[in-house]
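Worksheet: the structure to be examined is printed underneath.
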Amino acid sequence: MARLLLIDDDPAVSLTLARMLEFCGHKVTRIESAETGLNTAIASPPDALILDMKMPEMGGLEFLRRLRAVAGLEALPVGVITGDYFLGESVLQELSTLGATVRYKPIRIEDLDTLTSQILGGWSGNGPVPRP
């Protein structure tokens, strides 16, 4: 069971994604603010993070920039789930450079499970997630 931090400002979406992730066997902490999510990730790093792109005050891209600037969190696995199908190529390139894997809403449980497996790599649930 991986410990996932889910950051999405929409409570209904957050709850739905959390339930799906829990059904897939993960322990999920839901946060509805990017700033609070960043502080939580720094204080108690999860095994992986699932992040929305469009949030008030701090969007997903700025969140990732700040996260990657924190010592020890440079390689934390991150999946971005967004409803914005029109992210520019420069944004997608920066997300990739920052080590995020992007998927689009709506997302099916099978796709969410694949995303978490992909970002967690070969992690088997025994011990900490291997970091590159």
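ARG131 versus (1) closer than 22 Å to LEU38 by Cβ; (2) modelled with pLDDT of 90 or more: which is the lone unmet condition?
ARG131 satisfies all of (1) closer than 22 Å to LEU38 by Cβ; (2) modelled with pLDDT of 90 or more except (2).
Search segment 14-25 for residues that are without any contact (Cβ under 8 Å) to a residue 60 or more places away in the chain and pair each with any residue that is among the acidic types (Asp, Glu) and open to solvent by less than 60 Å² (accessible area, probe 1.4 Å) when their beta-carbon atoms are under 7 Å apart and the residues are at least 6 apart or on different chains.
Close Cβ pairs (under 7 Å, with a partner that is among the acidic types (Asp, Glu) and open to solvent by less than 60 Å² (accessible area, probe 1.4 Å)) amount to SER14/ASP8.
Would you be able to tell me the number of residues in segment 56-85 that are aromatic (Phe, Trp, Tyr) and over 13 Å from the mean Cα position of the chain (by Cα)?
1
Could you please give the count of residues in segment 107-117 that are open to solvent by less than 20 Å² (accessible area, probe 1.4 Å) and not hydrophobic (A, V, I, L, M, F, W, C)?
Qualifying residue count for the region: 1.
Just to check your reading of the model, which residue among ARG103, ARG66 is out of contact with any strand residue (DSSP E or B) (no Cβ under 6 Å at 6 or more places or on another chain) and not β-branched (Val, Ile, Thr)?
On inspection, the qualifying residue turns out to be ARG66.
Just for segment 1-43: of the residues that are farther than 20 Å from GLY99 by Cα and among the polar types (S, T, N, Q), which one is surrounded by the most Cβ atoms within 10 Å (Cβ to Cβ)?
SER14
Give the residues of segment 44-71 that are open to solvent by 30 Å² or more (accessible area, probe 1.4 Å) and within 17 Å of VAL91 (Cα to Cα), sorted by residue number. Don't jump to the end; show me each part of the working.
Initial filter on segment 44-71 (open to solvent by 30 Å² or more (accessible area, probe 1.4 Å)): 44-45, 54, 56-57, 62, 65-66, 68-71.
LYS54, GLU62, ARG65, ARG66, ARG68, listed by residue number.
What is the residue count in segment 86-106 for residues that are acidic (Asp, Glu) and either open to solvent by less than 70 Å² (accessible area, probe 1.4 Å) or within 14 Å of ARG66 (Cα to Cα) (or both)?
1
Step by step: first the residues of segment 74-85, then only those that are touching a Lys or Arg at 6+ places or on another chain (Cβ under 6 Å) and closer than 15 Å to ASP47 by Cα, then the one that is least open to solvent (accessible area, probe 1.4 Å). Which residue is that?
Residue satisfying both the conditions and the ranking: ALA75.
The values are calculated or read from the model by the stated rules, or taken from the named source; none is laboratory data. For clarity, every value in this text was computed on a predicted model and none was experimentally measured. Methodologically, a virtual Cβ is constructed for each residue, glycine included, from the backbone with ideal geometry; neighbour enumeration extends over all protein chains shown. Side chains included, ligands, DNA and RNA excluded: accessible areas come from the protein's heavy atoms. Shrake-Rupley method; radii C 1.70, N 1.55, O 1.52, S 1.80 Å.
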